[in-house]
Each structure stands twice: as C-alpha cells, then as structure tokens.
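The values are calculated or read from the model by the stated rules, or taken from the named source; none is laboratory data. Computed from a prediction, not measured in an experiment: that's the story for all the values here. So basically every Cβ, Gly included, is an ideal-geometry build from the backbone, and we count neighbours across all protein chains shown.
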Amino acid sequence: MEGSKWKAAALLTWILAAESAYGLPQVGTAVESILQKTSTEQTSAYVTQYPPANKGNRLLIPESHPVYRFGLQRDGRSSQLPFPELDVSDFVHGLEGLIAPDQQTNAAPAPPTGDQPTSGKQPESIPAPTNTATVKNSPEGGPEPQTTSPADPHPIDPPPPVKPNTAGNMNGQDVFQPVATGPAPASIQSRGDHPVQNKHADSKDPIETNKFYAGFFLGTQTNASFTQPYSLAWSKGGGSLKSWGMGITHIPSDMLAWGPKNHKIPGEPVQYYINPVGLQQIIFSASELGDSTVLKTEQPKAFSAHAVIKRSSDSAQQITFPVIQGMGYTTAVYKDLQPIIESGVFFRKVVNAGSPRPGIFKYKVELEDDTTWLMYATPDDAKDPEFKLVSKISLRGPRGYSGTVQIAKNPAGVPGEKFYDNSCGVYPVAGHISGSVTDDVGTYSLSWTKAGKDVKKTPLLMFALPHHVQSFDKATQGRVTDIHLRTTTKGNSTAVVGESWTMVEPKLPIGIGFAPWSATQGSVDKLSPAAQHAIVQSAPHELKQNISEQTDLNSMYYSGKALSKFATLIYTVKELGNNVELTTDAFQELKKAFAHFVDNKQQYPLAYDTVWKGVVSTAGYDGDLNQDFGNTAYNDHHFHYGYFIQAAAIIGALDPSWLAANKEWVNMLVRDASNSVENDDFFPFSRGFDWYNGHSWAKGLFESYDGKDQESSSEDTMFAYAIKMWGQTSRDASMEARGNLMLGILGRSLNNYFLMEDDNINQPPNFIANRVTGIVDHTTYFGANLEFVQGIHMLPLMPHTPYARRKEFVHQEWQAMFAEDASTPASKVEGGWKGVLYANLALIDPKASWEFFTQPDFDYSWIDGGATRTWYLAFAAGLGGAP
C-alpha cells in the first residue's frame, strides 16, 4: 500500500514537473526514469506526449466551437391550449342558492397574505451519506452482479418470468407484474405504414420511442443522446474535424449561456439557460471510417441501447458503444479498426500512465479547455496498443485493433483517479429495474449487466442523480464517492461503486382515492352540509352539458380530458354531494361516450402501429404529424391516455359490472404508455416514465437537438395517479402499487428538478425564481403568459395534487406571481386559467379558494373545458375551505 501511495505521489510530482518537456514522447525527467526502472509497466509508461510543434499549436484557437441553440423546436407541438375551449353561453351566471343562506358573502376573496402554511408533507429524504466509499472489488449489499463473457459483451438476457398478479394487501408487492399479455383488442386495426418509418433501429421487439438515445435513430442521426453526465452525438462527417466518429461532451457550468432577465418576476431570473451542443471534446473514431460509414441502433431498451458505427452497411469492422444512463465511462468496443481519438478543443498533452491492471493501458489526457480525461485501452490480445499523439487533434492507435477504449472525465484529482482505475476494463451493457411496496414504503433497485475484463472481480462505476442519492438505502450510501459531474438539467451527479443501487421511498400516498386528500387529513370523503349544498346546487348546470358532443372530438387529448371531467363530476355529486338521482342520466351518457372509444368509432380511430409497436391516433396519418399534439408519433401518450384511464377508474368503481367489457381496452392504454414488463411482444417497457430520471418524457418520434422534454409535470403525476386508481378499481395490486411508487418518485424528482423553491440546489441560482423550469426556457409551446407557464404544472387539480405540489412551493410561487401585488394577479387573469389558479390556491388557502368558487355572479368562462366548478368546490372544501 505504501509503495502504491509513493508511486501515485511520484506520478503526480512528475506530471506537475513535466511542463518542461518538449517535442514527441521521450523520457524527460529523472522521476520518469526511476519509475520505468522500478515498475513492471510497459516501456512507454509515464511518458508525456505533446502534439508535434507544440509551441505554435498551443497558441492556436481550437477549431471546435460550442453552438448555443435557442428557441423552441415546435415539430409535433401544437400552439393550442391544453384544454378545449367551450361556449359558456348555456351556463347560468351567478347561480342563486349555491351557498346556504347563512353563509352568503358579497365580498370577493382576499388574496392570501404571507402568513400562509409553509409545511407540506412530502416523501422524506433518506439522510445523505456523510463519508465516502472505500474501493472494493465487489459491492456491498444488493443482488449479485450480472455479467457476460468478455468475448461476447452485448447479449441481454430476458427478465425472469413473474407470477400472475392478484389484488391484496401491499406486503412485498412486486410492482412489475404484467398488465396483460395479448394483442390489442379486435376493434383496433393494425397498420404498418407509420409516417415515421424505422430506418436505423435494429430490433424486432417493441422499440422505445421516448427514450434518451432516440437521436441515434431519428432523422439525421446527429442529435445528442444525454446519458448524464455525458452526452453522445454522431459526428457523421460534420463539424470542424469532419469526423465520422462518436463525439463525447460534458458541459461545466461556466459554459452555460443565459437568456434575458425577466423583470416581472421578483429576483429577475433569467428566462432560460442553454447547454451548448457541437462541442467535440473527445471523439471516438477510426482511420477507416468515411463517407460509407453508417450508424445503427441495436438492442434499444428502456435504460440502454447499443450505438454501432460500421465502416459500411455490410462491413464487420465496427465500433459498438453501449449507451447506458449514468455510465461512468464512455466505452467503445472496437472490432478490427485503427482507433483514432480526436478532439476539437485540442490535446494539450497525453501521458502514458501505466497499467492499473495487467492488460489495461492507461492514458491521462489534458485538453486545451483545461479539462482532464482518463483513457483506458483494453486490447483483446493484451498487447500494448501504444497510442501516439500525432497532432493536436489526433491520438492514433494500432491498425487492426480489437478491444475496448474507455474515456472518463476526472474532476476529482488523484483520489478520483483511483476510483476510475479500480473500475476500468468493465462497462454496463444493459440496465434493469425491480421494485416492491410494503404498506406505505416503496423500494426499487436499478442494476446493470456488465461486460469486459475481469467482470466478476471488478465493480462498475455509475453516476447517480440527486434524487437517487437522497433516497439510497444504507448499503448503497456506503458506496458513494466524492466524484461529482454536472448534468445538463439536474444538478450534480455522483459516482457510485457497484452493480446495483437500492432506493427507498417512504410515506407513499396509499390513502389517496377519488376524494380530496391532504397530508394532514387524509382522504376526505365526507364533506360538510354547506359543501354538499353548494355541490348539489352547482352540479345540475354542469351535468346538463352535452357529454357526447364534448367527448367525441378530433383529439385524444381533448376527448380524454372531457371524459375525465365528467367522470370526476359524477363521482363528486354522487359520492361527495350524496345525491345519486342527479347523476343517473349523466352516468349513462358517460358510459355511452366511453364506449364510442372502446368500439373505436371516434373521429380519428386508434390503430396498432406494427412499425414501432404501440397504439396511436390515426390523425397524423393524413400528412400532418402535429395533429393531436403529435400523438401519432408517440408524443404525450401518458397525458392523453392518462385521462381515459382515470375516467375508467371512476366509472368502474361506481359500476363494477362495467369492468368486464372495458378492462381489456383500458389495459391496452396502460401497456402502451407505461408497460410494466420488458418481455411484452406488443408494447415496450415504460414508454413514457423514465425510472432513471424519475419522471416521464413526453416527446416521441421527433428529431430534437436538445433531447426529450416534458411540458407538464402535473399531467405526469396525473398519469401515475390514474394507473394507481385503475389498479385499485380493476383489482390489479401490482399496478396500484406501481402507481403509488411512481407518485413517490415523482414527488421527490419534481421538487428537485421542475418545481423550484428558494433552497433548490439543482438548478442555477439565477434561474430558480422562475419557480418552474418550462421547456428549454420559461415558456410553453402555446404562449409565455405566466398563468400558462406556471399553470401547465398545476392542471389537472386532482386528489393527488397536494402530494406532488408542496405547500411551501405553492406559497412562494403565488406570492411571486399571482398575489395582488405581483405582476400577474390571479384576480386579473382571464379565461379558464383563472379557475386553475384559484383551485391551486386551495393547497395553501382553501378558504380563499372556496370563496372564489362560491362568489355570486360566478363567470363560467373561468372554468376551463377540462374541469368543473363542482369539483373545484369539493376540492377546496375537502382541503378545509368550506364552513
């Protein structure tokens, strides 16, 4: 051990002293000479390589410049509002008798003051580790690591079969049991002519359409895939280097570009921040690549894919990149090629740094942007590859090379280098997830299949996001290191040693049902007489709406919102208002309207797409993929189908006999948007929800330079709530538990990354006062009004909303933006957004919310087409607003 410490110290001393070396590789100092004589390393170890004629080159400006792209990419994105606009002329304004006579008030509700409740119940964080891990050859705790043979690094074993699910108590309930196994219902016709044909994703299985690596197979194939903390993009002969290799980038905070300040918001936050693209810090390439080079995506799964750059379409010479979320190194598996490692920001020097283990050859790379990278070559023949720095942009390996080259950015100096040395030679090739719920505690584990050299004895090094680290169990906490790298949008990632992590989410919202819920009162299914009176007085006017007309629209999104609206209305009147008679006719009409979709007779029927494998609206087959918010191209499926699923949960709960004829169709929507198993022949696993990032991605098959996005965090939680309640109604215990666990994870991740309180540490300090992140910038696809930008993270207001939106966050947002002295007072907002804002106000001031919705001369234009005044009354009452 002491010898090892001396060797590391001597190496560090030599590196610091090596600035006096000149020219091509040579033994330049006494330290080098001593190390070479006393070491068993290869003869080229501890040699510093500078680019030829380095004195001149080091004064040149790098050829690769970061590109700062701004503005929204609107492909697949409609400028329509997120709710249908209705003609309110049929509504009666200022309903008499809405409030019991002794409760009448003529005063408009006063805005909340600063003395609002600030404590919101939220899943508690597991204490973060206080010490760092020591290097071990195997992880402590967790399942045994999965491995593959170094000679065959790419096969992914199918997951083991699971037992059929049954409803019951949540005691170790597996959350990943199959929803169903058969094809789509007979009413759904199959089509093989999807407008976006699959040209570059090589798989016969259902293909993930909304995952982080879609840039490899969509459009030009040159857009970045964000693995966090790195991003990868195929150069495809472009850029200043005209390379055909795979570019690797990591963006530090000092390279961000900032948008203009928003002077309307206290603190004047910047409107947006931009991570540059096109910065070719490191490129894995080969001398044989050129105009005939192609990129294929193989084994596209939920947590991983293999990007394969082939010399030509029919060539066996190739570079395979296992692309895994959180990977500690970028790994290139070369097959019979001459590796060339390139840099568009210039190599300053490359140090041949010995062998961490026999057969692995290490290089320390310094770039002209003052960053340090570690490179490890593991040739199949175990011979020293002797990479040579032939120019300021090119580090060249031997011809006919087969084996791996791994590169990682090291921000942690010598201690970090030891961790990278300890895990080099192995790499993940696939990710897996498991999870269970016992009572109100959810547990889930991410694990990885690995390949490479000495796989059984060498642990992986993987990067975790902040919400992972907060929820690690004790065994995983013990393997956390002090290596941190910034991610693009989620703060600093943390390197963790081992093949698996286990996260714990306590206090899951298992008690949330269809009635209003709060952390202090639980589910409130018994309202006061005053609240019931208001509900019964308000309901008839909303129940008289034409349910068939409002639900049979040319949009699955709008139709789903309308079905959800009426299902919630009927439940509210029947169960909370305690009036069955009022709902009888409307309930029958609702079931007929739902049957119209089950029979697939809506304006744009659904089709089963055999290309990507999923259920899509046929609206986009007519030539405009932007139709229905891009549903045909897999945009927003968890939003669109979530409303149908929530409506079905209520209908089936109110009439259990309805389930038999409709369960298969509703389960189809669940499988499409959030399938629970990998081995389904008809749908991919978890299309929308990303179990690594802790939230869903809404963007589907649209090429995008800035990756996937999600405009509405609240509709993300709505989907989790919907499958929780549909699981409860349909007696699918696994689905109900999965919905609870997803809500728990979302409650943590959204408050880390999307909903920003004053003490948020994951977003830039000069951006936090925006309160919500928006998409690319603090805006929406349909406008930049503050009620739009903030409100899209509020709607729909449902029983689960208080769980996801903390009181302190809501208070800070209201005071900054919607209070009477703010730039956009809620009292001055027009249209349906006004109702959204005042329903949201119930989370911190339910009495003010109640007074707003019970005021005389109420204007029904304040209620958006996806909501009802009746439910908002019940919502505010259940949170404590009603007398």
* Of all the residues that make up segment 625-675, how many are of a type in the set (Gly, Ala, Ser) and either closer than 16 Å to residue 698 by Cβ or out of contact with any helix residue (DSSP H, G or I) (no Cβ under 6 Å at 6 or more places or on another chain) (or both)? -> 8
* From 724, 807, residue being of a type outside the set (Ser, Thr, Tyr) and surrounded by fewer than 24 Cβ atoms within 10 Å (Cβ to Cβ) -> 807
* Among the residues of segment 512-557, how many are assigned to a helix (DSSP H, G or I) and surrounded by fewer than 24 Cβ atoms within 10 Å (Cβ to Cβ)? -> 13
* Asked: Going through segment 466-487 one residue at a time, which ones are touching a strand residue (DSSP E or B) at 6+ places or on another chain (Cβ under 6 Å) and either over 21 Å from residue 740 (Cβ atoms) or in a loop (DSSP other than H, G, I, E, B) (or both)?
  -> 469, 473, 476, 479, 480, 481, 483, 484, 485, 486, 487
* Please indicate, with yes or no, whether at least one residue in segment 332-349 is closer than 20 Å to residue 426 by Cβ and surrounded by fewer than 23 Cβ atoms within 10 Å (Cβ to Cβ). => yes
* For residue 821, all conditions in the list (1) surrounded by 24 or more Cβ atoms within 10 Å (Cβ to Cβ); (2) part of a loop (DSSP other than H, G, I, E, B) hold save one; what is the number of the exception? -> (1)
* Structure fact -> Per the filter on segment 681-737, residues among the basic types (Lys, Arg), more than 29 Å from residue 232 (Cα to Cα) and in contact with a Pro (Cβ under 9 Å, 6 or more places away or on another chain) are 724
* Asked: When only residues in segment 490-510 that are outside any strand (DSSP E or B) and in contact with a Phe, Trp or Tyr (Cβ under 7 Å, 6 or more places away or on another chain) count, which is surrounded by the most Cβ atoms within 10 Å (Cβ to Cβ)?
  -> 509
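Let's see how each residue does on (1) touching a Cys at 6+ places or on another chain (Cβ under 9 Å); (2) among the aromatic types (Phe, Trp, Tyr); (3) closer than 25 Å to residue 560 by Cα; (4) outside the structural domain of residue 532 (by TED's automatic domain parsing):
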position: 782; (1), (2), (3), (4): no, yes, yes, no
position: 811; (1), (2), (3), (4): no, no, no, no
position: 820; (1), (2), (3), (4): no, no, no, no
position: 835; (1), (2), (3), (4): no, no, yes, no
position: 845; (1), (2), (3), (4): no, no, no, no
position: 852; (1), (2), (3), (4): no, yes, no, no
* Asked: Has segment 266-274 got at least one residue that is buried (at least 20 other Cβ atoms within 10 Å of the Cβ), on the phi > 0 side of the Ramachandran plot and either without any contact (Cβ under 8 Å) to a residue 40 or more places away in the chain or not charged (D, E, K, R) (or both)?
  -> no
* For residue 857, state whether it is at positive phi and either assigned by TED's automatic domain parsing to the domain that holds residue 519 or touching a Ser or Thr at 6+ places or on another chain (Cβ under 8 Å) (or both). => yes
* To do: Scan segment 428-436 and give yes if some residue there is modelled with pLDDT of 95 or more and part of a loop (DSSP other than H, G, I, E, B), otherwise no.
  => no
